Amino acid sequence: MGKALDGVRILDFTHVQSGPTCTQLLAWFGADVIKVERAGAGDITREQLRDIPEVDSLYFTMLNHNKRSVTIDTKNPQGKQVLEALIQTCDVLVENFAPGALDRMGFTWERIQELNPRMIVASVKGFGPGPYEDCKVYENVAQCAGGAASTTGFDDGPPVVSGAQIGDSGTGLHLALGIVTALYQRTSTGRGQRVLAAMQDGVLNLCRVKLRDQQRLERTGVMKEYPQYPNGKFGEAVPRAGNASGGGQPGWILKCKGWETDPNAYIYFITQAPVWAKICNVIGKEEWATDPDYATPAARLPHLKDIFAEIERWTMTKTKFEAMGILNKYDIPCGPILSMKEIAEEPSLRKTGTIVEVDHPLRGKYLTVGNPIKLSDSPTEVTRSPLLGEHTDEVMAELGYTPEQISALRTAGAI
Ligand code: CAO
C-alpha cells in the first residue's frame, strides 16, 4: 500500500526533540527524510541519557525512526556544495537550529529560493519576532513562557512544568501541520514558503483555555469552577487550578484502594451533570439527587470539596480498575491514573501500533511510541533510527556522485 507523503523529500536539519518529532511524523506518513548530521558527533541526543555505552540513546532512537542519516560538514565549502545539491532535489528543509545558524551557514531564505523556488523552509524557534527572538530555548523554557507553568500546579505551591513535552513535541506537531499545509498550497502556486512554529506560540495555543479564563477573571473577578471558589482568593492572573477539570464539568483526582503504597492508585472522577443521580446512587448518597443544595450544577459548586471527599470515601474501597468497571457501566466519566509501566504493558496499545517494539542492530529490542495519527490508506510501519552516517554513500550516489568523488569528499572532510 502507498503512503500519503510518497515522493516528498525532506532535508532534515533537526536535532534534539522538537524538530525530530516533526520529521519523524512526516517519515511515518511516507516522506523520504534525509537527516543531515555532523560527522563524528551527530545529533547531540545520540549520546545523551545513554543506558548502554557507545550505543545510540533511547532519546535519539525514539525520535528518529524511519529516517536516513548522512554526515556533512556544513561549514566545509565542498560540504556546502553537497547541501546545495540536496536543496535542489528536496521539497522541504526542516531545521531547529538556534536563531541565525542557517544564515551563518550561508543558506539564507534568498539563497535557498535561488537554488530551489519550490523549497519549503520550516523552522522551530523558541520565540517569534520580539524581545526574545534570539534566545536559545528548551522544553521547560517554552512551558514557562507559553503560560503552561503559571497555570499548572496547586495554588499554595510554585509553578509546575508538565511531563508532557508540549514545548518540544507539541511544537513539532504544529510544524508538521504547517509543512503539509504549505505542500498543499504549493500544488496551486508552484512556490515554496517559510513555515515558522515558535515554541512559545505552540504552548500558548495549547493553553488557549487559560487565556479565556484570564478574560473571564478580569470581567467577573471570580471563576466558580476553580478550587479557589468559594473560600480562597483570586488575584489578577489565572491561578493554578490543581486537578480541577476546567470546563463546565467539575473533576478531581481521587485516591483508590492501595494509594498508601502505590503512587498511581488514583482515578480522575468527573461529576458530569447528566449522570449526577447515578453518581449519588453509586456512592450511597441517594438523597443528594434531590437535595436543593446538591441537585443542580450551580448548587453543587460551593460544595465541590465536600462532594469529592464523599466520592473519595467510595473510590478508596475499590482499585482504580474496579472503580472504572463500575463507573463506566453508568456512563460516569472517569480515568485511571496509569503509570508508564502499565501503559507499556497494555495489550490494546500494542495492537494498534501506538506502542511498538523495534529491533536495533546495536541495542536490540526496545519499546517506542508509534504514530498516534492513524490513516486508513497510509499505514505506518515503524523502522529503526539510522546509525550515524549510515546512508551517506547511498544518498550521495542518488545525487549523482561517483564512488571516486564520494571518496575524495570524504578525504577532504566534507562528508
Ligand atoms: N556541520 C557543521 N556545523 C554544524 C552542522 C554540521 N552538520 N550542524 C550544525 N552545525 C552548527 C551550526 O551551524 C551552529 O553553528 P554556529 O553557531 O557557528 O552558527 C552550531 O552547529 C550549533 O547549532 P545550535 O546553536 O542550534 O546548537 P546548540 O546546541 O548550541 O543549541 C538549541 C541547541 C536547541 C538550544 C538551539 O538549537 C535552539 O534554540 N533551537 C531552536 C529552538 C528549539 O528547537 N529548541 C528545542 C530543542 S529540544 O529541547
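Checked against the criterion of being of a type in the set (Asp, Glu) and not assigned by the TED database to the domain that holds Gln24, the candidates Asp213, Asp134, Asp156, Asp168 yield just one match: Asp213. One residue stands out among those in the stretch 32-56 that are hydrophobic (A, V, I, L, M, F, W, C) and under 18 Å from Met396 (Cα atoms): the one that is nearest to the ligand (Cβ to nearest atom), which is Val36.
The rows are residues; the columns are (1) in a helix (DSSP H, G or I); (2) under 20 Å from Leu173 (Cβ atoms); (3) not hydroxyl-bearing (Ser, Thr, Tyr).
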{"position": "Ala39", "(1), (2), (3)": "no, no, yes"}
{"position": "Leu49", "(1), (2), (3)": "no, no, yes"}
{"position": "Leu63", "(1), (2), (3)": "no, yes, yes"}
{"position": "Gln81", "(1), (2), (3)": "yes, no, yes"}
{"position": "Phe97", "(1), (2), (3)": "no, yes, yes"}
{"position": "Leu102", "(1), (2), (3)": "yes, no, yes"}
{"position": "Glu110", "(1), (2), (3)": "yes, no, yes"}
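Give the residues of the stretch 354-376 that are assigned to a loop (DSSP other than H, G, I, E, B) and basic (Lys, Arg), sorted by residue number. Passing the criteria: Arg363, Lys374.
Residue-wise test of (1) touching a strand residue (DSSP E or B) at 6+ places or on another chain (Cβ under 6 Å); (2) outside the structural domain of Arg384 (by the TED database).
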{"site": "Lys3", "(1), (2)": "no, yes"}
{"site": "His15", "(1), (2)": "no, no"}
{"site": "Pro20", "(1), (2)": "no, no"}
{"site": "Thr23", "(1), (2)": "yes, no"}
{"site": "Ala27", "(1), (2)": "yes, no"}
{"site": "Asp32", "(1), (2)": "yes, no"}
{"site": "Glu37", "(1), (2)": "yes, no"}
{"site": "Gly40", "(1), (2)": "no, no"}
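Residues that are within 15 Å of the ligand (Cβ to nearest atom) and more than 30 Å from Leu301 (Cα to Cα), at least 2 per element: which helices (runs of 4 or more DSSP H) completely within the stretch 137-226 meet that?
Working: elements: 139-145, 169-189, 199-206, 208-220.
So the answer is 139-145, 169-189, 199-206.
Every residue in the stretch 134-160 that is over 22 Å from His15 (Cα atoms) and either crowded, with 22+ Cβ neighbours inside 10 Å or modelled with pLDDT of 95 or more (or both), please.
Of the residues in the stretch 134-160, the ones over 22 Å from His15 (Cα atoms) are 147-160.
If the condition is that a residue be over 22 Å from His15 (Cα atoms) and either crowded, with 22+ Cβ neighbours inside 10 Å or modelled with pLDDT of 95 or more (or both), then Gly147, Ala148, Ala149, Ser150, Thr151, Thr152, Gly153, Phe154, Gly157, Pro158, Pro159, Val160 are the ones that fit.
If you go through the stretch 290-318 and keep only what is surrounded by fewer than 17 Cβ atoms within 10 Å (Cβ to Cβ) and β-branched (Val, Ile, Thr), you end up with Thr290, Thr296, Thr317.
Whenever a residue of the stretch 89-105 is at positive phi, its partners that are part of a loop (DSSP other than H, G, I, E, B) and more than 8 Å from the ligand (Cβ to nearest atom), lying with C-beta atoms within less than 8 angstrom and at least six residues away or across chains, give the pairs Gly100/Asp134.
Going through Ala344, Ala323, Ala277 one at a time, which residue ends up being small (Gly, Ala, Ser), surrounded by fewer than 17 Cβ atoms within 10 Å (Cβ to Cβ) and under 30 Å from Pro230 (Cα atoms)? It is Ala277.
Considering Lys67, Lys125, which residue is within 14 Å of the ligand (Cβ to nearest atom) and touching a residue at least 40 places away in the same chain (Cβ under 8 Å)?
Numbers: Lys67 fails: within 14 Å of the ligand (Cβ to nearest atom).
Every option except Lys125 fails the conditions.
The values are calculated or read from the model by the stated rules, or taken from the named source; none is laboratory data. Since we're looking at a predicted model, the values are computed, not measured. Because the Cβ atoms are built from the backbone with ideal geometry, glycine has one as well, and the counts that use them run over all protein chains shown.
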